[in-house]
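Working notes, structure below.
The values are calculated or read from the model by the stated rules, or taken from the named source; none is laboratory data. In this text, all values refer to a predicted model and were calculated from it rather than measured experimentally. Heads up, the Cβs are rebuilt from the backbone with ideal geometry, glycines too, and the neighbour counts pull from every protein chain shown.
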Amino acid sequence: MKYLYTILLCLILIVGSSYITPVTSGETLINTKITKAYPNPATSYIVFEFDKSVDRTYSLQIFAFYGKKMTELHINESKLNINLDDSYMRGLYIYQLVDLSGKIVESGKFQVNK
């Protein structure tokens, strides 16, 4: 059953990512709210930097690849540093920038190597 959920999540991410990918113009990204997520792969922490125009009512959600919500933080600064405690095992994680209504503004992924 977990295998089926993993396959389903992979398909959703593959199909869904084509709808939320920022529009590109040459090398420049347009409408990007998260300007950097580093280091990637992460070991003990990850830093998210936001565009100065990002709405402070947004929240950043991090999910394990199999769908478990790991962290949810409200955006209160232009940079968030998230410590990856023991609950973050080696693997792929999905982050989503979400507005107050629950709409996904931006999404991406990062890897944890421990």
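Here are a few things to note about the model shown:
- For the residues Tyr3, Tyr66, Tyr19, the requirement of being assigned to a helix (DSSP H, G or I) and modelled with pLDDT of 60 or more singles out Tyr3.
- Selection over segment 53-73 of residues that are of a type outside the set (A, V, I, L, M), farther than 18 Å from Thr32 by Cα and either surrounded by 12 or more Cβ atoms within 10 Å (Cβ to Cβ) or in contact with a strand residue (DSSP E or B) (Cβ under 9 Å, 6 or more places away or on another chain) (or both) gives a count of 7.
- Applying a threshold of 8 Å to beta carbon distances and a minimum spacing of six or more residues, or different chains, the list of pairs starting in segment 79-93 at a residue that is touching a residue at least 12 places away in the same chain (Cβ under 8 Å) and surrounded by 12 or more Cβ atoms within 10 Å (Cβ to Cβ) and ending at one that is among the basic types (Lys, Arg) and in a strand (DSSP E or B) reads Leu92/Lys109; Tyr93/Lys109.
- Looking only at segment 69-95, residues that are closer than 14 Å to Ile46 by Cβ and outside any loop (DSSP other than H, G, I, E, B) come to 13 in all.
- Residue tally, condition polar (S, T, N, Q) and either touching a residue at least 40 places away in the same chain (Cβ under 8 Å) or surrounded by 12 or more Cβ atoms within 10 Å (Cβ to Cβ) (or both), over segment 94-107: 2
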